[in-house]
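K.L.:
Can you keep this structure in mind? I'll have questions shortly.
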Amino acid sequence: MSSQGRWGLVVGCLLAVSALGTWGCCSLRCCDKTAGLVLVSASDAVSADPIVISQKRHQEILWKLPGDSTIQYVAITLEGKPAPFEGCTTAEGVCRIACGHGLCSSGPISSAVHPPHAGIYYGYAFQHAASASTDPGIRIDP
């Protein structure tokens, strides 16, 4: 084989590897290691751990309610902190997320929230027609 033929073979192989590498990287979600939606089964019982979501990963919370649930909304206690989610209605130090069709969706984390390295913590409770049940809370990490 001539030297010009060898160079053509080398260049061809390099181009093939480059094209395959580019296709492989674009076809796989290499960097996305966490779901954008954190699914939480909601009930009247208090859960053991807080819900932890990441602002950097653009995570949202979706509470799945039991079929016979009377939960009307999620009430998040602000305690002087900014409202954690873009879609919540804020009044009297409480951010409310309406529930419907067996689900409560937090929506995106508000751009006004700037969590420190250790995260920022919000307490929340499920509001029923007549009462509330308290869960431990939500922590938003950077």
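K.L.:
Scan around residue 60 for amide H atoms under 5 Å from its own, H built in the peptide plane at 1.01 Å from N, and keep only partners 5 or more places away or cross-chain.
P.N.:
37, 38
K.L.:
The range 75-131: which chymotrypsin sites (Phe, Trp or Tyr not before Pro) are DSSP loop and have at most 16 other beta-carbon atoms within 10 angstrom?
P.N.:
The qualifying sites: there are none.
K.L.:
Once R0 is set to 22 Å, what does the formula 1/(1 + (r/R0)^6) return for the Cβ-Cβ distance between residue 128 and residue 105, expressed as a FRET efficiency to the nearest 0.05?
P.N.:
Working: r = 18 Å, r/R0 = 0.83.
It comes to 0.75.
K.L.:
Go ahead and run the numbers for FRET between residue 118 and residue 89, Cβ-Cβ distance against an R0 of 22 Å, rounding to 0.05.
P.N.:
The formula returns an efficiency of 0.20 here.
K.L.:
Could I have the simple spin-label model distance between residue 52 and residue 98, label points 7 Å from Cα toward Cβ, reported in nm to one decimal?
P.N.:
3.3
K.L.:
Per residue, how big is the convex hull around the C-alpha atoms of the range 37-141? Give it to me in cubic angstrom, could you?
P.N.:
94
Computed from the coordinates by the stated procedures, all read-outs in this text should not be read as laboratory data. The model shown is predicted, which means the values in this text are computed figures rather than measured ones. No Cβ is skipped: glycine too gets one built from the backbone with ideal geometry, and neighbour counts run over all protein chains shown.
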